[in-house]
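Presented below is the structure to which this report refers.
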Amino acid sequence: MPSAIVLLSALSLTLQQPNTQNPVDWKLIDRVLGRSGNLQGETYRVGFPRNDLHVTVDAVTVRPSLALGSWVAFKQTGDSTVMLMGDLVLLESEVAPVIDALQRGGIEQTALHNHLTNESPHVVYLHIGGRGRPIALATAVHDALGATKTPAPTTNPPPPLGLDTVQIAQVLGVHGRANGGVYQVSAPRADAVTLDGVEVPPAMGVATAINIQATGTNTAVATGDFVLIASEVNPVLRALRANGISVTALHSHMLNESPRLLFMHFWGEGDAVKVARGLRAALDEVNVKRN
């Protein structure tokens, strides 16, 4: 009997022990990638704006933070192991060497497609995913970006927003932030998203993204993507079209997520508040968290 009590006591203590997995040293990731990221909850996200590209859509010059920002995000999943997801903005000539470098480094490709239409030069978006040791994955990303002309980070001051962000936030019902002269809004889904059984945080690309760039006094363009389950696709599409907003792409970004997600990209332009109202009508058809 005493031995049984000792065994039960030891088991109880074991169950009460906190998770002691070694935390990832994100500064090492920064060194490998050559730039600093930021921790958003349990996600460490690093951006790679394509400041080297001069892309226009019709007469609009696209700022990197509007639609030309490559990124990778890491989530710790075990003792010094991570899940990686990302989206790389590429010229067509860069696609093959980037894929080859990623494959050599053990990072998989999950989608390759357009987000914009009528842009010049044409750009494509390569979605990636992987699991393993963070330094190995970061090295693979570094090597892949070496096959592009993605520039080193700069410290240039951002251009002014030129937007009434208070009014836009009121219309959308979601507050955003200024980044590189663009007003960026993120609306996470209210339901959990998992990938191969691991919960995917919103900052890993599963939140609806709305980016707004001023084009003149009270005018703007908006682009981004709505993250949708199948039953939401056509209600959102109808809401966008009813408000004069173009749908530029509809596709998947991942392979084994649950629930199945579809990503609807859009382009709206005109009076900034009117565009925001159209986006709000679409957002009302999506199961997102509300402020």
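For this structure, a couple of remarks:
- Sorted fewest first by neighbouring Cβ atoms within 10 angstrom, Lys27, Lys75 come out as Lys27, Lys75.
- Its residues counted as N, the stretch 165-283 yields a C-alpha radius of gyration over 2.2 N^0.38 Å of 1.05.
- The C-alpha radius of gyration of the stretch 26-145, expressed as a fraction of 2.2 N^0.38 Å, stands at 1.07.
- Cα extents of the stretch 65-130 along the three principal axes, largest first (Å): 45, 25, 15
- For the stretch 105-116, putting each phi into the Karplus relation 6.51 cos²θ - 1.76 cosθ + 1.60 with θ = phi - 60° gives couplings of x, x, 9, 8, 9, 10, 6, 8, 5, 8, 10, 9 Hz, in residue order, rounded to whole numbers and with x for Gly and Pro.
- Relative contact order (%) - the stretch 26-145, alpha-carbon pairs under 8 angstrom, separation at least six: 27
- With a cut-off of 14 Å between beta carbons, the residues surrounding Gly146 carry a summed charge of -1, where Lys and Arg count +1 and Asp and Glu -1.
- Amide H contacts under 5 Å for Val62, placed H, 5+ residues apart: Val55, Thr56, Val57
- Ordering of 162-170, 61-69 by burial proxy (mean other Cβ atoms within 10 Å per residue, highest first): 61-69, 162-170
- Largest-first ellipsoid semi-axes for the chain, taking √(5λ) over the Cα gyration tensor eigenvalues, angstrom: 36, 24, 18
- Helical mean residue ellipticity (222 nm; -39500 (n - 2.57) per DSSP H run of 4+; nearest 500) of the chain: -8500 deg cm²/dmol
- Once C-alpha pairs closer than 8 Å and six or more residues apart are averaged by separation and normalised to the residue number of the chain, the relative contact order reads 17 percent.
- Remark: the chain carries a charge dipole of roughly 440 debye about the Cα centre, counting +1 on each Lys and Arg Cβ and -1 on each Asp and Glu Cβ.
- Cα shape, the stretch 225-291, gyration tensor, a/c 1.5 rule: prolate
Where a number appears in this text, it was derived from the coordinates with a stated rule and is not lab data. Please read all numbers here as calculations on a predicted model, not as lab measurements. Quick reminder, even Gly has a Cβ in these numbers, built from the backbone with ideal geometry, and neighbours come from all protein chains shown.
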